[in-house]
Amino acid sequence: MSAKQNIIELVDIHKAFGSQQVLKGVNLNIPRGQTTVIIGRSGGGKSVMLKHMIGLIKPDQGQVLVEGQDIVHMGDHGLNQVRRRFGMLFQDAALFDSMNVRDNVAFPLREHSKLSEGEIKQVVAEKLSMVGLSGVEHKLPSELSGGMRKRVGLARAITLEPEIILFDEPTTGLDPPLSAAINRLIKDTQERLGITAVVISHDIEGAYEVGHNIAMLYLGEIIAQGSPDEIRDSGSEVVQQFVHGRAEGPIEVI
Amino acid sequence: MRLLRPFEYVGAKFLAMLDEAGELLLLFMQTVLWLFRPPFRFKVLFKQLEFVGVGSINVTLLTGAFTGGVFALQSYHGFSLFGAESLVGSTVALALTRELGPVLTSLMVTGRAGSAMAAELGTMRVTEQVDALYVMAVNPVQYLVVPRVLAGIAMLPILTIIADFVGIVGSYVVGVHLLGINHGIFISKIVEYLEFSDISMGMTKAAFFGLILSMVGCYKGFYTTGGAEGVGRATTQAVVLASVLILASDYVLTAIMF
């Protein structure tokens, strides 16, 4: 596939923390305008891989290409230019807990746009209604439930209308109906804005629902990538064990 | 092999210390760099000025007043042995402006604001709020560290001069009203011996201590790892390291300046 179809490419990424080799040669292409779900075991390096895509973590070896540009050796200025095309929803939303909901969602606008306070107020209300929230502008993050925090986090991630949104375990720790609601929200947001989404998950049903593509990370490498059907019918025993949630098989559980 | 173990232990500790000093210095250099790059965030700066400065006034008033008072009491005891009670005021004034004002104020502010900086930045680090700043193309050193360090440098001299003044008032109350020193002599001896340079050098020291306590607080918070426990550890280490550095650098600065 060429760079035109792939908005992000990871090429032979190696990353170790101390003596622990987390990524051992990851190769992954993220196609433009679609949702790619990355599945894999908890603590298996999925978040580490995601953070490579936006330059929060630098690889020991390998290339990270965003629109064909290698971001690994970029300076602050270039990296900030690239980052403005991204939005990211963190695992626990990472809202600034000293600011209320409105200031959180308005933060990227105040930093990077010249909108007046009145316009900002309007945009914030609009983004919050997109994620199904209203009337919470003056609440502090500590007063919100986990699901609401994730919604606010998503509203903040889309304020600057990014081309790419990264979701770090958006449904982990939420109850099943709420997980389903968040999955639908991801799907709607992706379709409505036509963006590229990368979702980290170990919720396999959610992956089938939101993903156009699914990739599986196992032991530091991408061992399978394809459409939900291809993953479901994969010949790999590791993938089969994972997607069917079996305790027996090649994956060492304990 | 067992004989070498103590050396390995000492060596490892020493290397870890060098590592830390290097990291602290790198963060300091980044802070200086980001200090001069736009955008300048006055709102965040004023918030920190208020937190470090205005928020520390009460503790500064109490520290200054009691230190001045107790110093008058103690030195009166010593001076009365050879009939030099008249020197109590000037002794207290000199000790306060040169030494006790800047050092005690800085130690109190370390406990109050330096620890809070470590805890706040540490929490932001472990809950990925620092990463969120990077993702939103805002440099966290510029957004978080620069205003705190500026506030430390700007506010400590002001707090120190407040402590100096309140301390002298405290010693006056104890010396003149409780111990019966003549009030004209008390004041005139202060005017005679206290020079402007005593005050200004004390304030210079305080600015330096402000840099130390804010820089160490931010450094410990900024590189926190390991969840809630890590935040606790960072806070404790920030207070201990900043206090030790303040006391050690006080000696060096005093030797150079006076």
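The values are calculated or read from the model by the stated rules, or taken from the named source; none is laboratory data. Every value quoted in this text rests on a predicted model; they were computed, and no experiment measured them. Glycine gets a Cβ as well: all are built from the backbone with ideal geometry, and neighbour counts include every protein chain shown. When the accessible area is computed, the model is the full protein with side chains, heavy atoms only, and any ligands, DNA or RNA have been set aside. Shrake-Rupley method; radii C 1.70, N 1.55, O 1.52, S 1.80 Å.
Of the conditions (1) within 12 Å of chain B (Cβ to nearest Cβ); (2) surrounded by fewer than 18 Cβ atoms within 10 Å (Cβ to Cβ); (3) touching a residue at least 24 places away in the same chain (Cβ under 8 Å); (4) within 20 Å of the chain's Cα centre (by Cα), A:LEU89 satisfies every one except a single condition; which number is it?
(2)
Run down B:VAL126, B:VAL149, B:VAL135 and say which single residue is touching a residue at least 24 places away in the same chain (Cβ under 8 Å) and crowded, with 21+ Cβ neighbours inside 10 Å.
B:VAL149
Going by what's in this entry, would A:VAL101 be described as of a type in the set (Val, Ile, Thr) and in contact with an Asp or Glu (Cβ under 8 Å, 6 or more places away or on another chain)?
Taking the combined requirement at face value, the residue satisfies it.
Looking for whichever is in contact (Cβ under 8 Å) with a residue 12 or more places away in the chain, over 30 Å from B:TYR143 (Cβ atoms) and in a helix (DSSP H, G or I) here; the options are B:GLY69, B:GLY55, B:GLY78. Which one fits?
B:GLY69
What number of residues within region A:63-86 are within 13 Å of chain B (Cβ to nearest Cβ), open to solvent by 10 Å² or more (accessible area, probe 1.4 Å) and either part of a loop (DSSP other than H, G, I, E, B) or hydroxyl-bearing (Ser, Thr, Tyr) (or both)?
Residues in region A:63-86 being within 13 Å of chain B (Cβ to nearest Cβ), open to solvent by 10 Å² or more (accessible area, probe 1.4 Å) and either part of a loop (DSSP other than H, G, I, E, B) or hydroxyl-bearing (Ser, Thr, Tyr) (or both): 4 in total.
Could you check, for region B:119-130, whether at least one of its residues is more than 30 Å from A:GLY78 (Cα to Cα) and within 14 Å of chain A (Cβ to nearest Cβ)?
yes
Out of region A:201-219, which residues are surrounded by 21 or more Cβ atoms within 10 Å (Cβ to Cβ) and not polar (S, T, N, Q)?
Residues satisfying the conditions are A:ASP203, A:GLY206, A:ALA207, A:VAL210, A:GLY211, A:ILE214, A:ALA215, A:MET216, A:LEU217.
Read through the list (1) in contact with a Leu (Cβ under 7 Å, 6 or more places away or on another chain); (2) within 24 Å of A:ILE186 (Cβ to Cβ); (3) more than 8 Å from chain B (Cβ to nearest Cβ), then give the number of the only condition that A:ILE120 fails.
Condition not satisfied by A:ILE120: (2).
Take region B:169-188 and flag every residue that is buried (at least 19 other Cβ atoms within 10 Å of the Cβ) and assigned to a helix (DSSP H, G or I).
B:GLY170, B:SER171, B:TYR172, B:VAL174, B:GLY175, B:VAL176, B:PHE186
Condition first: assigned to a strand (DSSP E or B), surrounded by 23 or more Cβ atoms within 10 Å (Cβ to Cβ) and not aromatic (Phe, Trp, Tyr). Can you find one or more residues in region A:42-62 that meet it?
Checking region A:42-62: not a single residue is assigned to a strand (DSSP E or B), surrounded by 23 or more Cβ atoms within 10 Å (Cβ to Cβ) and not aromatic (Phe, Trp, Tyr).
Can you find a residue that is without any contact (Cβ under 8 Å) to a residue 40 or more places away in the chain and over 26 Å from the mean Cα position of the chain (by Cα) anywhere in region B:211-226?
So far as region B:211-226 goes, no, none of its residues is without any contact (Cβ under 8 Å) to a residue 40 or more places away in the chain and over 26 Å from the mean Cα position of the chain (by Cα).
Consider B:LYS43 carefully, then state whether it is in contact (Cβ under 8 Å) with a residue 40 or more places away in the chain and either surrounded by 10 or more Cβ atoms within 10 Å (Cβ to Cβ) or within 26 Å of the chain's Cα centre (by Cα) (or both).
Spelling it out, it is not the case that B:LYS43 is in contact (Cβ under 8 Å) with a residue 40 or more places away in the chain and either surrounded by 10 or more Cβ atoms within 10 Å (Cβ to Cβ) or within 26 Å of the chain's Cα centre (by Cα) (or both).
If I filter region A:100-116 down to residues being facing chain B (nearest Cβ under 10 Å) and either in contact (Cβ under 8 Å) with a residue 60 or more places away in the chain or within 22 Å of B:LEU121 (Cβ to Cβ) (or both), which single residue comes out as surrounded by the most Cβ atoms within 10 Å (Cβ to Cβ)?
Residue satisfying both the conditions and the ranking: A:ASN104.
Looking only at region A:163-188, which residues are touching a strand residue (DSSP E or B) at 6+ places or on another chain (Cβ under 7 Å) and open to solvent by 10 Å² or more (accessible area, probe 1.4 Å)?
A:GLU163, A:GLU169, A:THR171
Pick out the one residue from B:VAL252, B:VAL239 that is open to solvent by 40 Å² or more (accessible area, probe 1.4 Å) and closer than 26 Å to B:GLN48 by Cβ.
B:VAL239
When residues of region A:119-135 are filtered for being open to solvent by 10 Å² or more (accessible area, probe 1.4 Å) and either assigned to a helix (DSSP H, G or I) or on the phi < 0 side of the Ramachandran plot (or both), how many remain?
Residues that pass the stated criteria total 10.
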